[in-house]
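K.L.:
Quick one: the structure is below, questions incoming.
What follows draws every value from the coordinates through simple rules; no lab data is involved. Keep in mind the model is a prediction, meaning the values are calculated, not measured. Using ideal geometry, Cβ is built from the backbone for each residue, glycine included, and neighbour counts are taken over all protein chains shown.
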Amino acid sequence: MNNDIERVLYSQDDIKAACKRLAAEIATDYAGKKPLFIGVLKGVIFFMTDLMRELDMLTDMDFIDVSSYHGGTASTGEITLVHDVGTDIRGRDVILVEDILDSGRTLAYLQDRLMDRQPSSLKVCALLDKPEGRVVEAKADYVGFNVPNEFLVGYGLDYDEYYRNLPYVGVLKPDVYAK
Ligand code: PRP
Ligand code: MN
Ligand code: MG
């Protein structure tokens, strides 16, 4: 699996440092509150658990599952809600957590859907932001890293559902997806 990686973009240490920095920002902004973290499956799983363990505050978590990439390296533009949250978010301070913000379609879709339920506030935390990928307007309030316009895998990000379990974020060798 490691052989398929052209280069490591963010090491485990880089990611840990980013989680600590983002958690510190969130802890300051949400002092005295009990924010609800909503992770967007499946890509977010590692970031969600690492980020939340850096927070010394009362929080709860839920997950929502949407899919926009159906194989391949490019988004189809179609968003499907696979599994909704079980928590009533009305009046809650919600932090939506994503592994990566790319075309912005997933986030735009989720923000619309969640805002209809009248949370007290809704902010977005993304480990990675790829501004060059944007097709619709979307913005994260907390960003770990701005990333170049390359196909990334690892730390939750997949290619055709594989490579999520790499402990770092890397660039996939083009010949892997050219096959
Ligand atoms: C990926 C990624 C983000 C979304 C970002 O998820 O994890 O959730 O795409 O892309 P966008 O800004 O272009 O919408 P994906 O839909 O592939 O599902 P997954 O998390 O299960 O891999
Ligand atoms: Mn995802
Ligand atoms: Mg995916």
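K.L.:
Want the number for D56 to Q118: 0.36 nm per residue separation, take away the alpha-carbon distance, what's left?
P.N.:
The span from D56 to Q118 would gain 19.7 nm if fully extended.
K.L.:
Mean residue ellipticity at 222 nm from the helices of the chain, using -39,500 (n - 2.57) per DSSP H segment of n ≥ 4 over the full residue count, to the nearest 500 deg cm²/dmol?
P.N.:
Rounded to the nearest 500, the figure is -7000 deg cm²/dmol.
K.L.:
Right, something else. Given the Cα-Cα distance of L81 and K20 and 0.36 nm per residue of separation, how much length would full extension add, in nm?
P.N.:
Values: separation 61, 0.36 × 61 = 21.96 nm, distance 3.05 nm.
Stretched fully, the L81-K20 segment lengthens by 18.9 nm.
K.L.:
Oh, and also: Rg to Rh ratio, segment 110-162, alpha-carbon atoms and Kirkwood radius? Could the numbers behind the result be given before it?
P.N.:
On the way: Rg = 13.4 Å, Rh = 13.1 Å.
My calculation of the ratio gives 1.03.
K.L.:
Quote the FRET efficiency, to the nearest 0.05, computed for V135 versus D65 with a Förster distance R0 of 25 Å and r equal to the Cβ-Cβ distance.
P.N.:
Between V135 and D65 the formula returns 0.70.
K.L.:
Continuing with this model, one more query. How big is D, in µm² s⁻¹, for the chain by Stokes-Einstein at 4 °C and 1.567 mPa s if Rh is the Kirkwood radius over C-alpha pairs? Intermediate results must be reported in sequence, preceding the final value.
P.N.:
On the way: Rh = 16.6 Å.
So the translational diffusion coefficient is about 78 µm²/s.
K.L.:
To continue, here is another question. Debye sum, Cα scatterers, segment 75-179, no solvent: what log₁₀ I/I(0) at q = 0.10, 0.18 1/Å?
P.N.:
The computed values of log10 I(q)/I(0) come out as -0.32, -0.97.
K.L.:
Sticking with this one: For the chain, what's the relative contact order in percent, using C-alpha pairs closer than 8 Å and at least 6 residues apart?
P.N.:
Normalised by residue count, the contact order of the chain is 26 percent.
K.L.:
Still on this structure, please answer the following. Where does each of 133-143, 45-55 land if you order them by average Cβ count within 10 Å, highest first?
P.N.:
45-55, 133-143
K.L.:
Past 31 Å, Cα to Cα, is the threshold; run K20/K139; K130/K179; K139/K173; K20/K42; K20/K179 against it and keep the listed order.
P.N.:
K20/K179
K.L.:
What is the distance, in nm, between label points placed 7 Å from the Cα along the Cα-to-Cβ direction at A27 and at D175?
P.N.:
Distance between label points: 4.6 nm.
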